[in-house]
Amino acid sequence: MVLALRTPMRWKRMEVTGWGRTRRVEVLACRPHRLSEIPSTLAALNGDGTSLIAHGAGRSYGDVATNEQGRVLLTERLNRILAFDEANLEVVCEPGVTFQDLLDVFGPRGILFPLSPGTAFTTMGGAVACDVHGKNQEHVGSFGDHVRWIDLALPTGRVVRTSRLEDPELFAATIGGLGLTGIILRVSIGLVRVPSLWSTVHERRMPHLDAFMDAFEACRRTASHSVGWIDGQARGESLGRGILETAEFADGPRSIPSPRRARSIPFDLPPGILNRLSIRAFNGLYYRRIRRRGRIREVPLAEHLYPLDSIHDWNRLYGRRGFHQFQCVIPDGAAREGIRTILGEVGAAPVTPFLGVLKSMGSEGIGHLSFPRKGFSLALDFPDRDETTALLSRLERITRDHGGRIYLAKDSILSPEAFREMYPRHGDFREVLQRVDPEGRLSSDLVRRIGLRP
């Protein structure tokens, strides 16, 4: 159904969902081809009475970029690289440009982004809105630390530029601001030179959580990239076992890696394929694939940064009902006890996580709602089952008890009370929203769920 409205673009009813696919909602959507269409569209919607949110590649897991019975602005066709200053290593992009686009264009020239999330298909608009981080967060910070300025179309249609010097409060509200301060039109990002597009990766078995945490604390001083796969089913003396992966850029001249051939999941797996027995078998094999003495190998950078991108539509492995990701960060002093408690709760639950990831994190993000803080981050993927929501609520409680916070870009169940406790700068954020969008025209399902607006 196409609705004819007094706007510069056409709006169509369609269904959207997050990457977790647990909730599909009907929205009115439009897909602009040019940046010039956005301000006039926003201005034309004044007084319309419906809310709007931008939606990029759909890689946020929950309801950050869905807006049931509202409007969604699809930005994937706004994917042009607008300018590049090689002397200052600065690139200006439209919001639909992805990390893969930047890798394809600048990687062969030995120039790269300072950090990247776990998928190359994240857009620059999404990276700003969620202040994404990578496997080197404790050394280089989060995405917002490398953004130089942003051009925003405010809900009125007026276009403004914001940076650390130009309206810094708006800048801090936009970095990690869930797309609520305006529609991102252009973003300027600082890049870095790299010695090659290859990584030297060292993988080691960690027999239990204490060994894992000790190794992470040691490699904070020595490894530029680190991440851990963690077995969410291990119990007893093996609780928290996994594989620690550290990596450095390979030095010296190297060939340009050949593009990876990605496999695809062509259909949703039937319910029950991912169960306690199948996941336990997989985890045992995955753990033992690394010998006790470890393994060192040289791999293409993309293989190290984006292991899951080798399987397109891997979220279909969880079946039609989809999955939830729980990701928390707990500060250093409480991390060991907090993560141990979470893993113990998960091990006793009827819902089994398929994937677990442990990371060490450094400085706080610059955004009012940025997720990172110094400590340890744990991410667990759970299939959507009748018992999953209750388990996630218990994990939320444990996180709160240990002074941690949950990543809004991955969340689907966080309560308003927990949000206010975990994000103490929410009042500063709300003040900026009241200034730039007093009528609340930019909104999403997550905003309403956590009570972000009065």
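For segment 82-93, which residues satisfy the criterion of being surrounded by fewer than 22 Cβ atoms within 10 Å (Cβ to Cβ) and either over 20 Å from Leu152 (Cα atoms) or in contact with a Leu (Cβ under 8 Å, 6 or more places away or on another chain) (or both)?
The answer is Asp85, Glu86, Ala87, Asn88, Leu89, Glu90, Val92.
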Next on the checklist: Here are the criteria: (1) of a type in the set (D, E, K, R); (2) in contact with a His (Cβ under 8 Å, 6 or more places away or on another chain); (3) surrounded by fewer than 22 Cβ atoms within 10 Å (Cβ to Cβ). Tell me which single one Arg109 does not satisfy.
Outcome noted: (2)
Checklist outcome for this item: The helices (runs of 4 or more DSSP H) lying wholly within segment 368-452 that contain at least 1 residues that are under 27 Å from Tyr318 (Cα atoms) are 388-401, 445-450
Next on the checklist: Name the residue that is farthest from Phe113 (Cα to Cα), counting only residues in segment 194-208 that are polar (S, T, N, Q) and assigned to a strand (DSSP E or B).
Outcome noted: Thr200
Checklist outcome for this item: Of the conditions (1) crowded, with 23+ Cβ neighbours inside 10 Å; (2) part of a loop (DSSP other than H, G, I, E, B), the single one that Thr156 does not satisfy is (1)
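Identify all residues within segment 389-430 that are small (Gly, Ala, Ser) and out of contact with any Phe, Trp or Tyr (no Cβ under 8 Å at 6 or more places or on another chain); write none if there are none. Show your work before the answer.
Within segment 389-430, the first condition is being small (Gly, Ala, Ser), and the residues that meet it are 390, 393, 403-404, 409, 412, 415, 418, 427.
Within segment 389-430, Ala390, Ser393, Gly403, Gly404, Ser415, Ala418, Gly427 meet the criteria.
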Checklist entry - Among the residues of segment 402-410, is there at least one that is within 20 Å of Gly240 (Cβ to Cβ) and of a type in the set (A, V, I, L, M)? => result yes
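I'd like the residue in segment 160-172 that is in a helix (DSSP H, G or I) and in contact with a helix residue (DSSP H, G or I) (Cβ under 9 Å, 6 or more places away or on another chain) and, out of all such residues, is nearest to Arg148 (Cα to Cα).
Initially, segment 160-172 is screened for residues in a helix (DSSP H, G or I), giving 168-172.
Those left that are additionally in contact with a helix residue (DSSP H, G or I) (Cβ under 9 Å, 6 or more places away or on another chain): 169-172.
Values: Glu169: 14, Leu170: 13, Phe171: 10, Ala172: 12 Å.
Filtering segment 160-172 for residues that are in a helix (DSSP H, G or I) and in contact with a helix residue (DSSP H, G or I) (Cβ under 9 Å, 6 or more places away or on another chain), the one nearest to Arg148 (Cα to Cα) comes out as Phe171.
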Next on the checklist: Quick check on my filter: what residues within segment 209-231 are of a type outside the set (Phe, Trp, Tyr), in contact with an Asp or Glu (Cβ under 9 Å, 6 or more places away or on another chain) and either crowded, with 18+ Cβ neighbours inside 10 Å or not in a loop (DSSP other than H, G, I, E, B) (or both)?
Outcome noted: Glu217, Ala223, His225, Ser226, Val227, Gly228
Checklist entry - Identify, please: which residue in segment 299-314 is in contact with a Leu (Cβ under 8 Å, 6 or more places away or on another chain) and in contact (Cβ under 8 Å) with a residue 60 or more places away in the chain and is, among those, surrounded by the fewest Cβ atoms within 10 Å (Cβ to Cβ)? => result Pro300
Item to check | Some residue of segment 49-57 being assigned to a loop (DSSP other than H, G, I, E, B), closer than 19 Å to Gly126 by Cα and hydroxyl-bearing (Ser, Thr, Tyr) | outcome: yes
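Conditions tested, residue by residue: (1) of a type outside the set (Asp, Glu); (2) surrounded by 14 or more Cβ atoms within 10 Å (Cβ to Cβ); (3) modelled with pLDDT of 95 or more.
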site	(1), (2), (3)
Pro266	yes, no, no
Arg276	yes, no, no
Arg288	yes, no, yes
Arg297	yes, no, yes
Gly333	yes, no, yes
Gly356	yes, yes, yes
Ser360	yes, yes, yes
Item to check | Among (1) at pLDDT 95 or above; (2) out of contact with any Cys (no Cβ under 8 Å at 6 or more places or on another chain), the one test that Ala218 misses | outcome: (1)
Checklist entry - Take the residues of segment 173-193 that are of a type in the set (Gly, Ala, Ser) and not in a strand (DSSP E or B): which is farthest from His146 (Cα to Cα)? => result Gly182
Next on the checklist: Could you list, ordered by first residue, the pairs with Cβ atoms under 7 Å in which the first is in segment 114-138 and among the aromatic types (Phe, Trp, Tyr) and the second is part of a loop (DSSP other than H, G, I, E, B), at least 6 apart or interchain?
Outcome noted: Phe121/Ala57; Phe121/Arg59
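For segment 232-249, which positions are touching a helix residue (DSSP H, G or I) at 6+ places or on another chain (Cβ under 7 Å), in a loop (DSSP other than H, G, I, E, B) and buried (at least 17 other Cβ atoms within 10 Å of the Cβ)? Give the steps one after another, and end with the answer.
Looking only at segment 232-249, we keep the residues that are touching a helix residue (DSSP H, G or I) at 6+ places or on another chain (Cβ under 7 Å), and these are 232-233, 235, 239-244, 246-247.
Still in the list and also in a loop (DSSP other than H, G, I, E, B): 232-233, 235, 239-241.
Correct list: Gly232, Gln233, Leu239, Gly240, Arg241.
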Checklist entry - Could you say whether any residue in segment 337-349 is in a loop (DSSP other than H, G, I, E, B) and either crowded, with 24+ Cβ neighbours inside 10 Å or touching a Phe, Trp or Tyr at 6+ places or on another chain (Cβ under 8 Å) (or both)? => result no
Checklist entry - Which number in (1) surrounded by 22 or more Cβ atoms within 10 Å (Cβ to Cβ); (2) touching a His at 6+ places or on another chain (Cβ under 9 Å); (3) basic (Lys, Arg) marks the one condition that Arg405 misses? => result (2)
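The values are calculated or read from the model by the stated rules, or taken from the named source; none is laboratory data. From a predicted model like this one, the values you see are computed outputs, not experimental measurements. All Cβ positions, even for glycine, are placed from backbone atoms using ideal geometry, and neighbour counts span all protein chains on display.
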